[in-house]
Structures are given as structure tokens and as C-alpha cells.
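Working notes, beginning with the structure itself.
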Amino acid sequence: MVTNKHWLLYNLFSTLNMPFGSLSVSNTAIPQYAPPYPVDGSDYTSDNVLIVNYQTTAHCVRHLVPDMLELEDEPHVSVMILQHSMTSFGPYNEYVHSVKVKYNGDTFDYFLSLILDNDSPILCGREQFGFPKKLGAVTLVPTTRSTVVHGYVERPAGQKVIEVGFQPEHKVEGRIDKTIPGLNLRVIPSVVPGQSPSVKELVPVDIRMEANEVWQGSGSICFPEPSKFDPMHQVKVLRYGIATLLRNASLTIRLPTKVFQL
């Protein structure tokens, strides 16, 4: 006959001999037994990179920029559409919207919005670097039966939140090799209600960009179907700068050596 005492002894003995997991916790992304992205740097081979530069006003963008970052009266803004033929995450297209800021006397491109069509770089960009990446549809059409290269961004699919145009004017001699000093706000909210964020920091990210073929010309940006969920239409165009199209480009994101705790 099995008594309650026997059951208590059995349960105690079973608890004392329970096995532990054998997965050693490391710096790999979760789930660590099948990480969704590499954590040791990223390389990109891009068919085309379209860059349209413009000036806006501080009033149009300051509500989208953290209060520890300094803006010019007429900040420089960049919009990029990148057609990645292959990367460490596989192929995908990406849209990037950034504004120049200063922090502790240094100048950075602060990333306002990124939209792309591949979940792996979204997870990596958000978790590891603080890029404000979201899932959407990004298209770049080099051949339009006109002089204009055309690109557009949809979020959600079917709603064009931004359109970009480029009219080439001349080919630049030589190749381009430049580094963009970028900056992200990386925040991980606390799971405990009312607590401060578990992580709150600025992450500097250097993006090296190389290309063998460079075209310069005129750019155009419009926001045909504005959305309050992706409010880049609020960053209005004051005047355009030089637009650039890079062909056969390669990009490298350099892992930061420090972050700025807030």
C-alpha cells in the first residue's frame, strides 16, 4: 500500500536528482540553439544603392530626435534605398532615413527609420545595434523606360509611404570609399511595469561603403500615402542636395568598440 509519506519521499528524491540543461549561455542571439543572425559583423554585396540628400528644418525633425542630440537649424537628411544582392543574412532590399546630429562634439548620421523585407537583419539590427528596423516592402527599379531611376517603400504592403526618384547627370571618375559614422538609440523596455528601461544607450555604428561605379544627379522624394505609423513625411524637404547612385557596391558594418550609456 502506497501512503502519502511514500509519495512525499518519492517526490523529494526525484527533485534532488533532476537533470539540468546542457546548453552553455553565450553571446549568441536567441534561440541560442538556432540563432536567427550572425553576431560577429555583417558584409553586403549590393547591386544598387540610391542616395538622395536634402535639407530640412529643425522644427520638422526635432520631435523625432532624442533630447541629448544636437541639430543644426537646417539639418542634413539622407534617404537611401539599397538593393542587396547578397549579405550575411541573405538577399534583401532596404530603405534608410537619417539626419545629421552632434553628440559630445562629434557628428553622426542618426537613423530615424529603416524598412526592409527580411526578418534576420531586422532582428539583428534591432537587438544588437538599435537600428529602428521594421518589416515592409522596398523596391528599386533601375529601368523605367525613362531617364529616372525609381524606388518606393510600402508599409503595409500596398501603401506607398515614400517614393524616391533619381535622374543621372554624370559619371564620377574613380571609385568611392567612404565611411558613414552612424548613431542609434538602443532601448529595451523593462518587463516590470513602472521600471526604467533594462537597456538605454546610444550605439555608434560605422558603415563603410565602397563602389566601382558612381553616378551623380538630381533626386526627388515624395510621400504619396503618409502614415502616422511611419511619419517620415513630417521631415519635409527644404532644398535638395546632390543625389548619388552607386552600382556594384559593397558595405561593411563595423562592430562598435564602445557605447554611450544614458
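The values are calculated or read from the model by the stated rules, or taken from the named source; none is laboratory data. On a predicted model such as this, the values are computed, not experimentally measured, just so you know. Cβ coordinates were reconstructed from backbone atoms using ideal geometry, including for glycine residues, and neighbour counts include every protein chain displayed. We work out accessible area using only protein heavy atoms, side chains counted, and drop any ligands, DNA or RNA first. Shrake-Rupley method; radii C 1.70, N 1.55, O 1.52, S 1.80 Å.
Some values worked out for this structure:
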read-out: Label zone at residue 196, where the point sits 7 Å out along the Cα-to-Cβ direction: region 40-71 residues whose backbone N lies under 17 Å; value: 67-68
read-out: Extended-chain gain in nm, criterion 0.36 nm per residue less alpha-carbon gap, residue 248 and residue 40; value: 72.5 nm
read-out: Ratio Rg/Rh [Cα only; Rh per Kirkwood] for the chain; value: 1.13
read-out: Heavy-atom accessible area per residue - the chain, 1.4 Å, Å²; value: 56 Å²
read-out: The chain - mean residue ellipticity at 222 nm from DSSP helices (-39,500 (n - 2.57) per run, n ≥ 4, rounded to 500); value: -2500 deg cm²/dmol
read-out: Nitroxide proxy distance, nm - points 7 Å out along Cα→Cβ at residue 26 and residue 163; value: 4.9 nm
read-out: Angle between the chain longest axis and helix 4-16 axis [Cα atoms, degrees, rounded to 10]; value: 40 degrees
read-out: Apportionment of accessible area to carbon and sulfur, region 131-247, percent (1.4 Å); value: 53 percent
read-out: Förster-model FRET efficiency, 25 Å R0, residue 145 and residue 85, C-beta, rounded to 0.05; value: 0.65
read-out: In nm, spacing of pseudo-spin labels at residue 135 and residue 70 (7 Å Cα→C-beta vector); value: 4.1 nm
read-out: Listed residue (221, 203, 235) projecting farthest to the positive dipole end of region 184-245, Cβ model; value: 235
read-out: FRET efficiency estimate (nearest 0.05) - Cβ-Cβ, residue 57 to residue 170, R0 25 angstrom; value: 0.25
read-out: Accessible area (Å², 1.4 Å probe, nearest 10) - residue 124; value: 0 Å²
read-out: Largest-first ordering by accessible area, 1.4 Å probe, given options 76, 59, 84; value: 59, 76, 84
read-out: Point-charge dipole on Cβ atoms (K/R +1, D/E -1) for the chain, about Cα centre, debye to 20; value: 520 debye
read-out: Residue 180 paired with residue 236, simple spin-label distance in nm, labels 7 Å along Cα-to-beta-carbon; value: 2.5 nm
